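The values are calculated or read from the model by the stated rules, or taken from the named source; none is laboratory data. The shown structure was predicted, so the numbers you read here are calculated from the model rather than taken from an experiment. Virtual Cβ from ideal backbone geometry, glycine too; neighbours counted across all protein chains shown.
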């Protein structure tokens, strides 16, 4: 057990019958409170041919304060920029995360732009959650021969406040998981259980933007550098791959991240193995989030329900949105919104314990630490 109590609250969104924009699923939403205090989801809506848009929906709650459903409000982003479209008309705006960045007093969305060069981290900014301005692709300085720009990259999110880099400079920080050749779970699964994890290429990284805090409003973000390898696969449930999940939120113990991990599961009746996506918890030191205080040795959420085991991609729970329930006077309660088998959206309640559980190892074998200024 992880020590973090998690309870499923149920399915909250599924494809709308007869809606061609949702023909192949609704999944992997961002979740954020709007200026009106209400909670909004930003699901990935998948049309035929894996053509993805980002929608917006208002969450409905029952008398006890539990989420029960959504009211669809439209589309906020669809493939228009060159980094979101293919020449043949295909494309995608996928898997958003949204953070209210205090320095800007704006909402900043990180999402995956899918173009012929592969998935890349794209950014957009909004004052009201309904109108978004694209900021372009995130750019990264090379580090010790590692090229972050010309490889696939996704599952990114921003910290809501400036945090210190290695030199103590207060900067905007992003979590991201570059997908270097050979590090997709379908590829690492072929290497067997005795494979050696490549620390530089299989990690969640944290990078810093020294130019992002200049001026009252972001028109573009500067170059991310000061790279630091945050976490690499450790436990069996995440051995094939780890990656980002929900944006970091502050708790009594530090910055909480609900991230995803991938393992193999036997397929009954044959020698093949399927991939299984589960969710775990990581807590980072408040003052220096490069330091891991706690990391769950077992997942807090793994596919069990039929909606999580069968869908567009089987055996997937994929956390992307999180809501601290200050509105209920419960700052230790977090509602986690997650994709179910790449087809639906579920929500679960995560309770943060008064004390961090003992015995869960921090990741002491991470990659080299960046030294750029």
Can you spot a residue in the range 318-326 that is surrounded by 18 or more Cβ atoms within 10 Å (Cβ to Cβ), in a loop (DSSP other than H, G, I, E, B) and either in contact with a strand residue (DSSP E or B) (Cβ under 7 Å, 6 or more places away or on another chain) or modelled with pLDDT under 95 (or both)? no
Consider residue 258 against the criteria (1) modelled with pLDDT under 95; (2) crowded, with 21+ Cβ neighbours inside 10 Å: it satisfies all of them except one. Which criterion is unmet? (1)
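So that you can scan it fast, the table gives a plain yes or no per residue for (1) surrounded by 21 or more Cβ atoms within 10 Å (Cβ to Cβ); (2) modelled with pLDDT under 85; (3) farther than 28 Å from residue 350 by Cβ:
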| position | (1), (2), (3) |
| --- | --- |
| 198 | no, yes, yes |
| 203 | yes, no, no |
| 226 | yes, no, yes |
| 281 | yes, no, no |
Among 65, 49, which is touching a residue at least 40 places away in the same chain (Cβ under 8 Å), within 28 Å of residue 281 (Cα to Cα) and not in a strand (DSSP E or B)? 65
Condition test on residue 11, is it closer than 30 Å to residue 295 by Cβ, touching a helix residue (DSSP H, G or I) at 6+ places or on another chain (Cβ under 9 Å), in contact (Cβ under 8 Å) with a residue 40 or more places away in the chain and assigned to a strand (DSSP E or B)? yes
Can you tell me which residue is farthest from the chain's Cα centre (by Cα) among those in the range 138-160 that are part of a loop (DSSP other than H, G, I, E, B) and in contact (Cβ under 8 Å) with a residue 60 or more places away in the chain? 144
Step by step: first the residues of the range 350-366, then only those that are modelled with pLDDT of 90 or more, surrounded by 13 or more Cβ atoms within 10 Å (Cβ to Cβ) and assigned to a loop (DSSP other than H, G, I, E, B), then the one that is nearest to the chain's Cα centre (by Cα). Which residue is that? 352
Where residue 313 falls short, out of the listed (1) touching a residue at least 40 places away in the same chain (Cβ under 8 Å); (2) in a loop (DSSP other than H, G, I, E, B): (1)
Among the residues of the range 284-310, which ones are surrounded by fewer than 23 Cβ atoms within 10 Å (Cβ to Cβ) and in a helix (DSSP H, G or I)? 306, 307, 309
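Can you find a residue that is at pLDDT 90 or above and either closer than 18 Å to residue 277 by Cα or in contact with a strand residue (DSSP E or B) (Cβ under 7 Å, 6 or more places away or on another chain) (or both) anywhere in the range 178-195?
yes
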Report, by residue number, each residue of the range 128-170 that is crowded, with 21+ Cβ neighbours inside 10 Å and farther than 30 Å from residue 78 by Cα. 143, 163, 165
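Rundown of residues vs (1) surrounded by fewer than 19 Cβ atoms within 10 Å (Cβ to Cβ); (2) out of contact with any strand residue (DSSP E or B) (no Cβ under 6 Å at 6 or more places or on another chain), yes/no style:
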{"site": "6", "(1), (2)": "yes, no"}
{"site": "25", "(1), (2)": "no, no"}
{"site": "47", "(1), (2)": "yes, yes"}
{"site": "52", "(1), (2)": "no, no"}
{"site": "68", "(1), (2)": "yes, no"}
{"site": "92", "(1), (2)": "no, no"}
{"site": "97", "(1), (2)": "no, no"}
Test residue 43 against the criterion of being crowded, with 22+ Cβ neighbours inside 10 Å, under 30 Å from residue 357 (Cα atoms) and at pLDDT 95 or above, and give yes or no. no
Which one of these does residue 109 not meet: (1) within 21 Å of residue 245 (Cα to Cα); (2) at pLDDT 95 or above; (3) surrounded by fewer than 22 Cβ atoms within 10 Å (Cβ to Cβ)? (3)
Whether any residue in the range 333-344 is over 16 Å from residue 26 (Cα atoms) and either modelled with pLDDT under 95 or surrounded by fewer than 16 Cβ atoms within 10 Å (Cβ to Cβ) (or both) is what I want to check. no
